Amino acid sequence: MRTITLFLLAAVAATIMLGCESRTSANVYAREHAQRIQKVDHGQVIGLRQVEIEGSTTGLGTIAGGVLGGAVGSTIGQGSGQDVATVAGVILGAILGAGLEEGASHQTGLEITVQLDSGEVIAIVQAADQQFDIGDGVRIHQLPDGSARVVPDLMLVRAHPDYGWH
């Protein structure tokens, strides 16, 4: 039974980690956003601030933790004591599973304040997986659902005479 419990624990942890892919990265597109027209604005970074993006709580960690906790609890005691241990295992496992899921998907983010070429100032929070500096030229990609991302404006680099591209 101990081997099965350890196997279940490893399977649950792997499942939770696979479900924690970052959706706040400028480099990750949700499937439904692929092949969609995006409105693109150009601007310049005028502010940067490190932030924390709270983790997701899809319920998978709670369910998996509860199942695993119940399985572990059911190996403790006999009779009504075993029933109590099973229920306690479910409750504690669910709490721990939810915490594990949230903690595994919690990430450092970046609040990027951009002055658009139109003069409007906006701020977007996304994963801190790209380097930006004050003054950088950027593009803002916005989808009709309101989601947006900031990416370096490589067109500015190509147009700059110091780089030899025109």
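Structure summary
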| item | result |
| --- | --- |
| Failed condition for residue 100, given (1) closer than 30 Å to residue 151 by Cβ; (2) outside the structural domain of residue 48 (by TED's automatic domain parsing) | (1) |
| Qualifying positions in the stretch 113-144 - charged (D, E, K, R), within 14 Å of residue 47 (Cβ to Cβ) and touching a strand residue (DSSP E or B) at 6+ places or on another chain (Cβ under 6 Å) | 136 |
| Condition met for residue 124 (hydrophobic (A, V, I, L, M, F, W, C), at pLDDT 90 or above and under 21 Å from residue 34 (Cα atoms)) | yes |
| Looking only at the stretch 127-147, and only at residues there that are charged (D, E, K, R) and at pLDDT below 90, the one that is farthest from residue 36 (Cα to Cα) | 129 |
| Residue within the stretch 52-62 that is at pLDDT 75 or above, surrounded by 14 or more Cβ atoms within 10 Å (Cβ to Cβ) and assigned to a helix (DSSP H, G or I) present | yes |
| Residues satisfying the stated conditions in the stretch 38-70, i.e. under 30 Å from residue 116 (Cα atoms), β-branched (Val, Ile, Thr) and touching an Asp or Glu at 6+ places or on another chain (Cβ under 8 Å) | 45, 51 |
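So that you can scan it fast, the table gives a plain yes or no per residue for (1) in contact with a Leu (Cβ under 9 Å, 6 or more places away or on another chain); (2) at pLDDT 80 or above:
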| residue | (1), (2) |
| --- | --- |
| 4 | no, no |
| 14 | no, no |
| 33 | yes, no |
| 37 | yes, no |
| 68 | yes, yes |
| 72 | yes, yes |
| 87 | no, yes |
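So that you can scan it fast, the table gives a plain yes or no per residue for (1) under 24 Å from residue 37 (Cβ atoms); (2) modelled with pLDDT of 85 or more; (3) aromatic (Phe, Trp, Tyr):
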site: 84; (1), (2), (3): no, no, no
site: 94; (1), (2), (3): no, no, no
site: 110; (1), (2), (3): no, yes, no
site: 149; (1), (2), (3): yes, yes, no
site: 152; (1), (2), (3): yes, yes, no
site: 162; (1), (2), (3): no, no, no
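The values are calculated or read from the model by the stated rules, or taken from the named source; none is laboratory data. Note that the coordinates shown come from a computational prediction; the quantities given were computed from them, not determined experimentally. We place every Cβ from the backbone using ideal geometry, glycine too, and count neighbours over all the protein chains shown.
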